[in-house]
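Just below is one structure, and these are the notes that go with it.
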Amino acid sequence: MGFSAKVIGGRTARRALARLTADIHDVRESTARTWAEDVYQGAAADVPVDSGDLARALEIRVEGSGATTDARVGIWSDDEYYGQYVEYGTSKMSAQPFMYPNVRQANRKLRGWVADGVAKRVG
């Protein structure tokens, strides 16, 4: 005994799913960029300024696109290695966190950014 079914509108459904996948990838990419900008702006405002080198060394790095977007904010310059000591402190210096509080704050906003992005693209 066999069973068969004909799906009416199958091509339309496949096209809609392909568009949805592209929209979701766009949301991921734009949300990653928004997150990075938010962290960067907060860290730049909060970083302790002595010479200003640490603030100038802050960078946003976004790699990939769509579903594979990776956004980072940090200091990659070897000259500003002391940023970790400022952030976490040492036995002789109190911590002056400027990255972690802004990462936490941006992470709390993520769900809203994703929801807004989906609502704009998917409706």
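The values are calculated or read from the model by the stated rules, or taken from the named source; none is laboratory data. As the structure is a prediction and not an experimental result, all values here were calculated from the model. Reconstructed Cβ throughout: ideal geometry from the backbone, glycine too, with neighbour counts over all protein chains shown.
Go through segment 43-93 and give me each residue that's among the hydroxyl-bearing types (Ser, Thr, Tyr), in a loop (DSSP other than H, G, I, E, B) and at pLDDT 95 or above.
Within segment 43-93, 90, 91 meet the criteria.
All but one of (1) surrounded by 15 or more Cβ atoms within 10 Å (Cβ to Cβ); (2) closer than 30 Å to residue 22 by Cα; (3) of a type in the set (Gly, Ala, Ser); (4) modelled with pLDDT under 95 hold for residue 36; which doesn't?
Of the numbered conditions (1) surrounded by 15 or more Cβ atoms within 10 Å (Cβ to Cβ); (2) closer than 30 Å to residue 22 by Cα; (3) of a type in the set (Gly, Ala, Ser); (4) modelled with pLDDT under 95, the odd one out for residue 36 is (4).
Give me the residue from segment 28-60 that is charged (D, E, K, R) and touching a residue at least 24 places away in the same chain (Cβ under 8 Å) and, out of that set, farthest from residue 105 (Cα to Cα).
Taking the candidates together, the pick is 53.
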